[in-house]
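First the structure, in the form of structure tokens, and then the observations on it.
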Amino acid sequence: MKTLKQTAAIFFGLIIFSSAVSAQWVNKSIEFPDEVIAWSIDAVDSLNAIVSFSQFIYKTENGGESWELISLNPDIYESAQDISMIDADNFWVGTDHGRIYKLTNASQIGTLQYNDTSKTKFINYIEMFDLNNGIAMGDADQFSEGIPVFLKTTDGGLNWVSTTDTAIGGWSGDIWRRMDFVDENLGYFYESGNSPQKLYKTTNGGLNWNETNFTKFPMILKFYDMNFGLIYSPNFADSTKEINRTTDGGLTWESFTVSMTGWGNDIEFVRGDPSKVWFTDWLGLYFSSDSGKTWTEEKLSDSELKGRDIVFTDDNSGWLICDNGKIYRTTNTEPGVTALETEKVIGSSYKLMQNYPNPFNPETTINYQLPFSSYVTLKVYDALGKEITTLVNEFKTAGEYQIKFRSSISSGISSGVYFYRLKTNDFIEIKKMLLLK
């Protein structure tokens, strides 16, 4: 496993900024010599993320401290329109050439999995739900006339099978903003090209589609689960914007006039809590703590934010991508909560402190520090390397932690030397302690 220093040394798309820009969001941007459009971002935790700017794809393994440039196909100039990341080693990309690639950490060039221009020349959307099952959607050409193609895989993309059995009657008219799949079977799609345009729902992975009762024009749609969803749309009668909310899978909707004025780009729920929602558009970033009814702006820049895509990996960690190389990361997904305010407050490195007291009997305290949210194990071993007990085995947000070890935790342990080991995705450290009875 590479250390953070080793990883940073071999990466060549380096981060320029790392200072806090608000109570929550920290700048992890990439410098580009010219203006670039941001297409998509996905992440699996606070360390591992992948981003797409124009034809450039970058990956980080250390929370955005450095970025590695990845090539889909060195012989073709194409942009990654949507990205789906399952874990730190496996991710899929859909492009503006109608191709689907799989990438792994073991390869620097993508493996082409799908390319059938007779069906689609533009992949708008891709979502993998695990290492085997996923959904993709493509237009006949870029947002233009033709029956949309929904593709399904059950073998990790080795085969992508068209599931579109009944023609919806129109095409997407956008990238991934106006479609969303909750799982490999349940999804929503807003079609363009017909009058009136309609929002459709599938419960069998795109094989069949049924009209919903939504009659407005969505700029973004996002569903938390099979019942609860939000749609951001313009009110053409008075030029305001509104959030439309359903709690019964699209059968009925309630509407709220909101403060946002720009063209919406993304809505994302915080993992595990549908009351917390983030929204971004060309102008700014907004937060709702009441499931989309009211919103407050989170100011990240004095200029236009040009926000495009948000992703949350748990109830604390999230990422935001904007045009021109701007990327932000948060380890605190609720404004006003300052316990984990920024990385500057938390500290910039991993630390495992010496236990105190040492020697000890019967109890000692172990402190450790995490600069990033991560899965953590803290275990105690005897002098022969035999595991005595596990003190920590769970996901932890960035911060400082303290835990006590009592010799009575494991029966029969005697006086002598013991070791405790802290392990995260990017860090391992072992220290020695002495028990005297």
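The values are calculated or read from the model by the stated rules, or taken from the named source; none is laboratory data. It should be emphasised that the depicted structure is a prediction, and the values quoted were computed from it without experimental measurement. In this analysis, Cβ positions are derived from the backbone assuming ideal geometry, glycine residues included, and neighbour counts consider all displayed protein chains.
So which residues in segment 193-207 are part of a loop (DSSP other than H, G, I, E, B) and closer than 24 Å to Ser84 by Cα, if there are any at all?
Thr203, Asn204, Gly205, Gly206, Leu207
So, of the residues in segment 330-362 that are touching a Leu at 6+ places or on another chain (Cβ under 9 Å) and under 19 Å from Thr296 (Cβ atoms), which turns out to be modelled with the highest pLDDT?
Looking at the filtered set, the residue picked out is Thr330.
Those residues that are free of Cβ contacts under 8 Å to residues at least 60 places away in the same chain and either buried (at least 24 other Cβ atoms within 10 Å of the Cβ) or farther than 18 Å from Thr60 by Cα (or both), I need them from segment 308-317; list them, please.
Matches in segment 308-317: Asp315 only.
Output the qualifying pairs, or none if there are none: Cβ atoms under 6 angstrom, residues six or more apart or on different chains, first residue in segment 65-86 and farther than 16 Å from Gly98 by Cα, second residue in a strand (DSSP E or B) and aromatic (Phe, Trp, Tyr).
Filtered contacts from segment 65-86: Trp67/Tyr58; Leu69/Tyr58; Met85/Phe91.
Kindly provide the set of residues from segment 44-59 that are crowded, with 24+ Cβ neighbours inside 10 Å and small (Gly, Ala, Ser), ordered by number.
Ser46, Ala49, Ser52
Quick one: in segment 156-192, of everything that is touching a helix residue (DSSP H, G or I) at 6+ places or on another chain (Cβ under 9 Å) and not in a loop (DSSP other than H, G, I, E, B), which residue is farthest from Asn90 (Cα to Cα)?
Checking each candidate, the answer is Ser192.
For segment 251-332, list the strands (runs of 3 or more DSSP E) that sit wholly inside it and hold at least 1 residues that are closer than 14 Å to Gly229 by Cα and not small (Gly, Ala, Ser); which are they?
Here the list reads 254-258, 264-270, 273-281.
Filter segment 30-43 for residues that are over 28 Å from Glu394 (Cβ atoms) and of a type in the set (A, V, I, L, M, F, W, C); which is surrounded by the most Cβ atoms within 10 Å (Cβ to Cβ)?
Trp39
With Asp174, Asp155, Asp183, Asp116 as the choices, which residue is assigned by TED's automatic domain parsing to the domain that holds Gly249, modelled with pLDDT under 95, more than 26 Å from Ser233 (Cβ to Cβ) and among the charged types (D, E, K, R)?
That would be Asp116, the only listed residue that is assigned by TED's automatic domain parsing to the domain that holds Gly249, modelled with pLDDT under 95, more than 26 Å from Ser233 (Cβ to Cβ) and among the charged types (D, E, K, R).
Name the residue that is modelled with the highest pLDDT, counting only residues in segment 425-437 that are part of a loop (DSSP other than H, G, I, E, B) and under 32 Å from the mean Cα position of the chain (by Cα).
Phe427
Restricting to segment 249-269, name every residue that is free of Cβ contacts under 8 Å to residues at least 40 places away in the same chain and within 24 Å of Gly318 (Cα to Cα).
Listed by number, the residues that qualify are Val258, Ser259, Met260, Thr261, Gly262.
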